Amino acid sequence: KKFTTLYFLCRDLLSKAAHYDWGLRAIKSVLNVAGAMKRDEPELPESAILLRALRDFNLPKIVADDLDIFYGLLGDLFPGIDVPRKRDMKLEGIITECIKEAGLFAEPEFILKIVQLSELLAVRHCVFTMGPPGAGKSSTWSMLAKAQTKDGRKTTVIDLNPKVTSTNELYGFILLATRECKDGLLSNKMRFLANMPDNDPKWLILDGDLDANWIESMNSVMDDNKLLTLASNERISVKPHMRLIF
């Protein structure tokens, strides 16, 4: 009841940011996170587990102007409960090293954003990073990839801009005259990652403006089917160790 009340209130009281989603898909993701926390720490009361899942999973997407309202709602619904954020100090140390090696400043906010991205990637196979130019989107995912590689999880990253080609050239198409299948840029890279033999993290970065033309065809990739179906009827599945970052 507290869970659904929070989402109803968030929908009514927070700003109408385009990326906010208080629907069923968002609820399922938080339940997955809470379930994993429950298995890790069965001694914690359920209200504390739910508070931590709702707070830590939603904070990365809440814009700065809405943070006070969001914290206020959590405080009203879960009075007197204060659960510290679960921190991986080893990973944070490696991230700090990677930031300094790249000649950047290891600001606490920057480190937090990288950690939040890693927490989201642990539970979602498609994640959006958003913000104006120069906000640090590319630096965030590239630092996380370097830190994971340093931590013994070699992260393969393929970065492409979906706006540089037409939708046909992105996904592939069939030449009507000859019935010949032409492979697309995205389908080629996605198949390459899916066919790699190891289970280390594989990321496909789609680094470009979102528009309905190309993102519409990603619906079945982003939902629980995790399948890209091509014009040739070939199906490429997103493996458990693969992630797509938009």
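The values are calculated or read from the model by the stated rules, or taken from the named source; none is laboratory data. No experiment lies behind these values; they were computed from the predicted model shown. Neighbour counts run over all protein chains shown; Cβ positions are idealised from the backbone, glycine included. Heads up: the accessible areas ignore ligands, DNA and RNA and are worked out on the full protein's heavy atoms, side chains in. Shrake-Rupley method; radii C 1.70, N 1.55, O 1.52, S 1.80 Å.
Miscellaneous remarks
- Here the condition is being free of Cβ contacts under 8 Å to residues at least 60 places away in the same chain, of a type in the set (Asp, Glu) and closer than 30 Å to Gly184 by Cα; of Asp82, Asp88, Asp159, it holds for Asp159 alone.
- Scanning segment 102-111 turns up at least one residue that is of a type in the set (Phe, Trp, Tyr) and over 22 Å from the mean Cα position of the chain (by Cα).
- Residues that are out of contact with any Leu (no Cβ under 9 Å at 6 or more places or on another chain) and assigned to a helix (DSSP H, G or I) were ranked within segment 41-56; the one that is farthest from Phe70 (Cα to Cα) is Glu46.
- Tally of residues being touching a helix residue (DSSP H, G or I) at 6+ places or on another chain (Cβ under 9 Å) and open to solvent by 70 Å² or more (accessible area, probe 1.4 Å) across segment 41-63: 1
- Sole residue being more than 26 Å from Arg39 (Cα to Cα) and out of contact with any Phe, Trp or Tyr (no Cβ under 7 Å at 6 or more places or on another chain), chosen from Ile94, Ile81: Ile94
- Pick from segment 64-77, criterion open to solvent by 50 Å² or more (accessible area, probe 1.4 Å) and touching a residue at least 24 places away in the same chain (Cβ under 8 Å), ranking: farthest from Ser15 (Cα to Cα): Ile69
- Taken over segment 78-92, residues that are within 22 Å of the chain's Cα centre (by Cα), open to solvent by less than 60 Å² (accessible area, probe 1.4 Å) and not acidic (Asp, Glu) amount to 1.
- One residue from Ala122, Ala106, Ala135 being open to solvent by 60 Å² or more (accessible area, probe 1.4 Å), without any contact (Cβ under 8 Å) to a residue 24 or more places away in the chain and in a loop (DSSP other than H, G, I, E, B): Ala135
- Set side by side, the residues Lys38, Lys16, Lys28 differ, and just one is outside any helix (DSSP H, G or I), open to solvent by 30 Å² or more (accessible area, probe 1.4 Å) and among the charged types (D, E, K, R), which is Lys16.
- Of the set (1) free of Cβ contacts under 8 Å to residues at least 40 places away in the same chain; (2) closer than 22 Å to Ala147 by Cβ, all apply to Ser166 but (2).
- Taken together, the criteria exclude Ile111 from residues that are in a loop (DSSP other than H, G, I, E, B) and either open to solvent by less than 70 Å² (accessible area, probe 1.4 Å) or not polar (S, T, N, Q) (or both).
- Some residue of segment 206-229 being at pLDDT 95 or above and out of contact with any helix residue (DSSP H, G or I) (no Cβ under 9 Å at 6 or more places or on another chain): no
- Scan of segment 169-214 for residues that are open to solvent by 20 Å² or more (accessible area, probe 1.4 Å), over 30 Å from Lys150 (Cβ atoms) and not in a loop (DSSP other than H, G, I, E, B), ordered by number: Glu169, Tyr171, Phe173, Ile174, Leu175, Glu180, Cys181, Lys182, Ala212, Asn213
- Per-region count, segment 215-232, residues of a type in the set (D, E, K, R), open to solvent by 40 Å² or more (accessible area, probe 1.4 Å) and in a loop (DSSP other than H, G, I, E, B): 2
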